Amino acid sequence: MKLTPDMHFIRKHILRVLTYAEWVKFSKMRPENVDSNLYNYHLKRLVKEEYIEHDPARGYRLSAAGMRFVDHVSLETFEPRWQPKLLTMLIIINDNHIWLWPKYKQPFIGSWSLPSGKVHYDDVSVEAAALREAGYLSDKPPQAIEHCGVIEFIAEIDGQTASHTLAHIFKVDMKPNDVTHTKVQWIDLDEIPSLVLSPGTREIIQAVEEYTGFFYKSLTINW
């Protein structure tokens, strides 16, 4: 469905009504002073597009896709609601070296970052998402993986938020020869202070080195 304030007002009305109810009968969702044929057309389109489900006895409700939709838009404008980015980030260290990759696109292009990826809706857990990311680095599954912490960081440029990230950190036991991804590089930890690192990367490495148990940190970084 197109996320735009130009969405037809009847569709907006129907979705708003269903957002605040479990089931709603046909007649309870029709906006005032709206032709029944026009109302029925837009309702059927929402059902056909699988944003709404219909049960003859109970009426209409949001489908799983409909729930995802209303959960990620403003119900005032029906534009996407900005939300923090949810990532898994992998720490792979061997012999005082760590795997990093250069960011090849914005935000923060040209800086170095930990191997990472967004958590997907169909990931059964953040650990499953981390294992999927590890699979991009190597054809061999990691020998061990440990969820060691969570870091939330906001990167600001001239006082404005450029990126807001919630990162689940995983230590991954993977041997250097197992990593086959062409973009990651084997970096000496002693070189870290001299590198331009993407926001949060330096702090994550430090947290992993300092903490012996599960950790949580929240910070704001001026870029």
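Below are the figures for this structure:
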{"item": "Aspartates and glutamates whose Cα lies under 15 Å from that of Lys44, excluding same-chain neighbours fewer than 8 positions away", "result": "Asp35, Glu53, Asp55"}
{"item": "Tail beyond 18 Å, pair distance distribution of segment 9-71 (Cα, percent)", "result": "24 percent"}
{"item": "Arg68 paired with His97, simple spin-label distance in nm, labels 7 Å along Cα-to-beta-carbon", "result": "4.0 nm"}
{"item": "Candidate lysines - alpha carbon under 22 Å from Lys140, same-chain residues fewer than 8 apart omitted", "result": "Lys118, Lys171, Lys175, Lys183"}
{"item": "Global form of segment 87-128, assessed from the alpha-carbon gyration tensor, a/c cut-off 1.5", "result": "oblate"}
{"item": "Overall form of segment 155-223 per C-alpha gyration tensor (a/c, 1.5; a/b vs b/c)", "result": "prolate"}
{"item": "Given charges at beta-carbon only (K, R positive; D, E negative), |dipole| of the chain in Debye", "result": "1240 debye"}
{"item": "Spread of Cα-to-Cα distances over 10 Å intervals beginning at zero, given as percent, for segment 85-222", "result": "12, 44, 38, 6, 0"}
{"item": "DSSP bridge orientation in the chain - percent antiparallel, rounded to nearest 5", "result": "65 percent"}
{"item": "All Cα pairs of segment 14-118, percent lying beyond 16 Å", "result": "70 percent"}
{"item": "Approximate spin-label separation Trp82-Asp158, in nm, with each point projected 7 Å along Cα-to-Cβ", "result": "1.5 nm"}
{"item": "Relative packing of 107-118, 204-215, 30-41, 77-88, which averages over residues the other C-beta atoms within 10 Å, highest first", "result": "107-118, 77-88, 204-215, 30-41"}
{"item": "Distance (nanometres) between label positions extended 7 Å along Cα→Cβ at Asp122 and Asp173", "result": "3.1 nm"}
{"item": "Spatially proximal lysines relative to Lys48 (Cα-Cα < 21 Å; intrachain offsets below 8 disregarded)", "result": "Lys2, Lys12, Lys25, Lys28"}
{"item": "Contact order relative to length of segment 9-71, as percent, for alpha carbon pairs under 8 angstrom and 6 or more apart", "result": "38 percent"}
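Coordinate-derived values only; no laboratory data. Note that the structure is predicted; figures quoted are calculated from it, not measured. Every residue, glycine as well, gets a Cβ built from its backbone with ideal geometry; the counts of neighbours run over all protein chains shown.
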